[in-house]
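Here the structure comes first, spelled out in structure tokens, and everything after it is commentary.
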Amino acid sequence: MGENPLHLESYREALVFLTTAGVVVPLFHRLRVSPVLGFLLAGAALGPHGLGSLAERYGWLGYFTIADVEGVGRLAEFGLVFLLFMIGLELSWERLVRLRRLVFGLGLAQVAVCTTILALVGRYWFGVDAAPSILMGVALAMSSTAVVMPVLSEGRRINKSPGRVAFSVLLLQDLMVAPALFFVTVLAEAKNGFNALQAVYTLLPAFVALAGLIIFGRLLLRPLFRLVAAAQLAELFVAACLLVIVGEALVTAAAGLSMGLGAFVAGLLLAETEFRREIEVTIEPFKGLLLGLFFVSVGAGLDIGAVVADPAPTIIHTLGLIAVKAAIIFSLALLFRIDWRTSAEAAFLLAPGGEFAFALLTSAMLAGVLPGHNGAETMVVVTLSIFFIPFLGRLGARLSQSAERASDETKFAHLEPENAVAEGRVLIVGYGRVGSLVGDMLSRHNVPFVAVENLVSIVTDARAKGVEIYWGNAARKDFLMRCGLEQARALVVTIENAAAVEEIVRIAGEIRTDLIIVARARDARHATTLYALGASDAIPETIEASLQLAETVLVDVGVPMGYVIASIHEKRDEYRKILQPTGEEARARQTERRNKIKREQARRRISGRPAKEAEEEA
């Protein structure tokens, strides 16, 4: 029986990319430089125009280079798909409505004005024909969602005013990709007598497919995920997430729209469901890897030889593109009454070209409506400009942070960041019999809360009653962060699983040392463990039940209620002292933790602001 030979060549690109990711991310993180820049540089160095050009002379270099850029690019395209899905997931229909002034006002103005001016430059400065110059203007007007959003996220600027302005403009640009690709089809068909009826026939399948996806999502996505979640199988949940993203992306692609638009719609539809936080945590690793591959493919497409052979025109055109777009976006943002520092940072981020320019220019060249040399030169300029985004982002952030004022943020206060879901509220983990009672008591005293539960039936019932609750596994740091633990007022852990309670308390204590953590304990020994892990208070079920029984008996036999309540509280304090850690170091740690909580509470009362804002200023 023969064995199939192992073809290492088939796995070479994958191994090169994984090695690159393993080196680039830690190295650039240590250097405090965006990994995006690292992936771009690695792609340029390892691509066919970098070390790959020497592979024919030195055969051993072939093992460390990327030869099949087109094949890698097809897979890397899913990086944009997953990015747009996550953007839709974080946006939601409600937030899209809130952002309408920036999206459909500033965003539309940016695309229209930049396209017009850049098309005029191409027509009268470079002598390109009218139709190709318009296509090039549209392509160059786009910015890089795939690079700008990670840069904002790494700098913790995505929920600041510049991040929201940039995000709004990028969102409109993403929505304009489908009309731009249709415009290419119109120009291609114009050579053969294109008419209005053909336009309808071309657009109709796309609109039908998009409408079908929205209807399908509204009716079937939530029941699908409830069925999957009820199975309590992590692998099945991952498979369902990938199926929805890739499936909707391929449907829109088959209908003539961009794959990213289908994924974006899927994210919007899932944003209002109770599975949103778990989906975010599940998809994040896939998005990160595929985006890294995308950046590598973009860098590999840069023809370093052409740039080096005649660098002056390419560099001048690249800097000119950045300067023209930055001036336009800055001016438009000021017209929309946005603070000048916010306008400047957004302009820096959005001035370079974007990844959608590659799809648009490639389609135009294949359709024969854009001369090949014009398209190739434009793509080199776009690629080179993307390399500037991390530097421009850092420059813009320094400009904004140097004199950032509180009033800058209040202009966008209605755009509350979605990842601050628990800001100023109590986070309840476990919403069964105990958790729901805690929530009910908090509501009676007008204390807002948000809940997390891993039983889909409980989540469904609570959602029907109007409770803001999410399905997912809270024993993970990423999930708690997505639920807004950093901004929470307190954490209450009520689940029965003792090991899970310990893990959640440990993680929460590591994330925030000033957080009030109240945990349900199985018995006295379990309570002692939870105190050692950082719980502010651990409530043993056996002891608490005994105290309640004692309280009832004492009242029933005629002891005054006031004396009973005082004695019960005194006994509870005695137990707390017994259960807390006994070592000097442990006691000091617990005392320090309590002092931090008291200081934080005092600072909130004085400032009247959320803890997160106070920490940032400090």
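Structural remarks
- Hits in region 309-320 - residues which are assigned to a helix (DSSP H, G or I) and free of Cβ contacts under 8 Å to residues at least 60 places away in the same chain: 309, 311, 312, 313, 316, 319, 320
- No other residue among 306, 347, 323 is assigned by TED's automatic domain parsing to the domain that holds residue 172, buried (at least 16 other Cβ atoms within 10 Å of the Cβ), assigned to a helix (DSSP H, G or I) and among the small types (Gly, Ala, Ser) apart from 347.
- Within region 326-344, the set of residues being part of a helix (DSSP H, G or I), touching a residue at least 12 places away in the same chain (Cβ under 8 Å) and either of a type outside the set (A, V, I, L, M) or surrounded by 24 or more Cβ atoms within 10 Å (Cβ to Cβ) (or both) comprises 329, 330, 333, 341, 342, 343.
- Hey, residue 514 touching a strand residue (DSSP E or B) at 6+ places or on another chain (Cβ under 7 Å) and surrounded by fewer than 19 Cβ atoms within 10 Å (Cβ to Cβ) or not: no
- Candidate set from region 485-498 (those that are at pLDDT below 90 and touching a strand residue (DSSP E or B) at 6+ places or on another chain (Cβ under 7 Å)); member that is surrounded by the most Cβ atoms within 10 Å (Cβ to Cβ): 488
- Only one entry of 481, 441 meets the criterion of being within 26 Å of the chain's Cα centre (by Cα), outside the structural domain of residue 232 (by TED's automatic domain parsing) and part of a helix (DSSP H, G or I), and that entry is 481.
- Residue 261 being part of a helix (DSSP H, G or I) and either among the charged types (D, E, K, R) or closer than 27 Å to residue 43 by Cα (or both): yes
- The lone criterion from (1) modelled with pLDDT of 70 or more; (2) assigned to a helix (DSSP H, G or I) left unmet by residue 57 is number (2).
- Verdict on residue 252 being assigned by TED's automatic domain parsing to the domain that holds residue 379, of a type outside the set (Phe, Trp, Tyr) and in a helix (DSSP H, G or I): yes
- The condition (being charged (D, E, K, R) and modelled with pLDDT under 70) is satisfied by just one residue among 101, 32: 32.
- Yes/no for residue 353 being among the small types (Gly, Ala, Ser) and not in a helix (DSSP H, G or I): yes
- Among residues of region 295-331, those that are at pLDDT below 80 and either over 25 Å from the mean Cα position of the chain (by Cα) or within 29 Å of residue 343 (Cβ to Cβ) (or both), counted: 13
- Contacts under 8 angstrom Cβ, first residue in region 240-259 being free of Cβ contacts under 8 Å to residues at least 60 places away in the same chain, partner part of a helix (DSSP H, G or I) and hydroxyl-bearing (Ser, Thr, Tyr), 6 or more apart: 241/282
- Helices (runs of 4 or more DSSP H) contained entirely in region 96-175, each with at least 3 residues that are without any contact (Cβ under 8 Å) to a residue 24 or more places away in the chain: 108-124, 130-141
- Scan region 26-53 for residues that are surrounded by fewer than 18 Cβ atoms within 10 Å (Cβ to Cβ), without any contact (Cβ under 8 Å) to a residue 40 or more places away in the chain and within 28 Å of the chain's Cα centre (by Cα) and the total you get is 6.
- The residue pairs whose first member lies in region 525-541 and is at positive phi, whose second member is modelled with pLDDT under 85, and whose beta carbons are closer than 8 Å, counting only pairs six or more residues apart or on different chains, are 534/513; 534/593.
- Residue within region 543-565 that is within 23 Å of residue 449 (Cβ to Cβ) and in the same structural domain as residue 436 (by TED's automatic domain parsing) present: yes
- Single residue of region 453-478 satisfying the filter (assigned to a loop (DSSP other than H, G, I, E, B), under 20 Å from the mean Cα position of the chain (by Cα) and not basic (Lys, Arg)) that is farthest from residue 223 (Cα to Cα): 474
- Out of 83, 89, 75, 108, one residue alone is surrounded by fewer than 23 Cβ atoms within 10 Å (Cβ to Cβ) and more than 24 Å from residue 375 (Cβ to Cβ). It is 108.
- Filter result (surrounded by fewer than 22 Cβ atoms within 10 Å (Cβ to Cβ), farther than 20 Å from residue 476 by Cα and either among the β-branched types (Val, Ile, Thr) or in contact with a Pro (Cβ under 9 Å, 6 or more places away or on another chain) (or both)) within region 517-537: 522, 523, 524, 525, 526, 528
- Checking each residue in region 230-245 for being part of a helix (DSSP H, G or I) and closer than 19 Å to residue 286 by Cβ picks out 234, 235, 236, 237, 238, 239, 240, 241, 242, 243, 244, 245.
The values are calculated or read from the model by the stated rules, or taken from the named source; none is laboratory data. As the structure is a computational prediction, the values presented were derived from the model and not from experiment. FYI the Cβ positions are ideal-geometry reconstructions off the backbone, even for glycines, and counts take in every protein chain you see.
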